[in-house]
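Visitor: Quick one: this structure, given as C-alpha cells, is what I'll be asking you about.
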C-alpha cells in the first residue's frame, strides 16, 4: 500500500515543491495540499492520511496546535525554517524534519525510511518461551538487553525474549534507535533529554558516547 499524503503549508511555492517531489516518489499514492491549518483539519476529519507534511507557522491554525489534533497513527514530517520544535516533536508521531530551504535529497531521506510495509504494519512477533507474541510497536517504549535476553518494555507489560539487540535493529522500523549497547528506544516516545540520559516516562536511559551524536542528529531531523 502506497502512502496517502497531505501537505499543509501557507507558502504556495513550498506546496508545489513538495507536490512535485511526491509525484516523483513511487512510495506515495497521492497527495493533497492546503495552505492553512483549518482546511488541513477539515480534510483530516473527512479522510485518512498516512503522512502529513506540516508547516509549524500557518494562519488560522498553526502546526504546533494542529499536530495535537491528529490521529495517533498519522505520521508527520515537520516543515520549518527553525529547529526549536525538535525536542517537543518527540511527543508526537514525527518521522522527519524538513528545514527550509530543503532539497529533494532531504525529502527522499525521510520517505525512504517509510516503506509501505512499515507504514501499514505497526507490530512484530517475538518469541516468548515456546510461543510467538505479537508486540504493538506503538506501545513499545524501549528494549533492554539483559544477559542472553531482551526485555521489551511496553506501556502495559514487559516481555522477555531470547533475542539479541543487533538482530532487533534490522527488524524494527526507523523510529527505533540504538542509543547504548544495552538499549534501543522509540524516539517517538522520548519525553526529553537530560545530559547524557533520555527521559522516557519514569525511566532514565543512558546514551553512550558512540551513539550520542547520532541521537542528536535524529533529534534535529524531527
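The values are calculated or read from the model by the stated rules, or taken from the named source; none is laboratory data. Keep in mind that what you see is a predicted model, and the values were worked out from it rather than measured. FYI the Cβ positions are ideal-geometry reconstructions off the backbone, even for glycines, and counts take in every protein chain you see.
Visitor: Restricting to region 65-79, give me the number of residues that are touching a helix residue (DSSP H, G or I) at 6+ places or on another chain (Cβ under 8 Å) and surrounded by fewer than 21 Cβ atoms within 10 Å (Cβ to Cβ).
Guide: Number of matching residues: 7.
Visitor: Oh, and also: Within region 32-42, does at least one residue satisfy the condition of being assigned by TED's automatic domain parsing to the domain that holds residue 99, modelled with pLDDT under 90, under 20 Å from residue 98 (Cβ atoms) and under 21 Å from the mean Cα position of the chain (by Cα)?
Guide: No: region 32-42 contains no residue that is assigned by TED's automatic domain parsing to the domain that holds residue 99, modelled with pLDDT under 90, under 20 Å from residue 98 (Cβ atoms) and under 21 Å from the mean Cα position of the chain (by Cα).
Visitor: Confirm whether residue 67 is touching a strand residue (DSSP E or B) at 6+ places or on another chain (Cβ under 7 Å), within 14 Å of residue 6 (Cα to Cα) and not in a loop (DSSP other than H, G, I, E, B).
Guide: So residue 67 passes the test.
Visitor: Please verify whether region 127-150 includes one or more residues that are within 30 Å of residue 22 (Cα to Cα) and touching a residue at least 60 places away in the same chain (Cβ under 8 Å).
Guide: Yes, there is a match, as at least one residue in region 127-150 is within 30 Å of residue 22 (Cα to Cα) and touching a residue at least 60 places away in the same chain (Cβ under 8 Å).
Visitor: Residue check: is residue 166 surrounded by fewer than 16 Cβ atoms within 10 Å (Cβ to Cβ), in a helix (DSSP H, G or I) and in contact with a strand residue (DSSP E or B) (Cβ under 9 Å, 6 or more places away or on another chain)?
Guide: Answer is yes for this residue.
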